[in-house]
Amino acid sequence: ANLVLHQTVERIHVGKKYGDIPRGIFVVRGENVVLLGEIDLEKESDTPLQQVSIEEILEEQRVEQQARQESEKLKVQALKERGLSVPRADTLDEY
């Protein structure tokens, strides 16, 4: 079954922080639905996560992605120096 969701919120987690971005109405095709559940608001308030503004969580996410890319570049460079090569993720479909 297809889902029509209204007042949807995208929650982004970075470390122990999270931010909610209002997204509005979403239509999800049934073939893309794996699991549907209800949030227990009492348990949600017990989480050790800190809610931050949208701008702050997006900046934290950008910094985390940048650090991950730098780390990946260093790994690829170290392997290259040792004579090994790793296929890039965007070219794996060609194999």
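The values are calculated or read from the model by the stated rules, or taken from the named source; none is laboratory data. None of these values were measured; they are calculated from a predicted model. Note that we place each Cβ from the backbone using ideal geometry, even for glycine, and neighbour counts take in every protein chain shown. What goes into the accessible areas is simple: the full protein's heavy atoms, side chains included, and nothing from ligands, DNA or RNA. Shrake-Rupley method; radii C 1.70, N 1.55, O 1.52, S 1.80 Å.
So the values come out like this:
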read-out: Selected residue (only one of Arg11, Arg23 is assigned to a strand (DSSP E or B), open to solvent by 100 Å² or more (accessible area, probe 1.4 Å) and basic (Lys, Arg)); value: Arg23
read-out: Check on Glu44, exposed (fewer than 10 other Cβ atoms within 10 Å of the Cβ), more than 25 Å from Glu55 (Cα to Cα) and out of contact with any Cys (no Cβ under 7 Å at 6 or more places or on another chain); value: no
read-out: Which numbered condition Gly37 fails, given (1) surrounded by 10 or more Cβ atoms within 10 Å (Cβ to Cβ); (2) not in a helix (DSSP H, G or I); value: (1)
read-out: Evaluation of Gln61 against (1) open to solvent by 60 Å² or more (accessible area, probe 1.4 Å); (2) under 15 Å from Arg11 (Cβ atoms) (one fails), failing number; value: (1)
read-out: Filtered residue count, region 29-71, keeping only those that are closer than 30 Å to Ala1 by Cα, modelled with pLDDT of 85 or more and β-branched (Val, Ile, Thr); value: 2
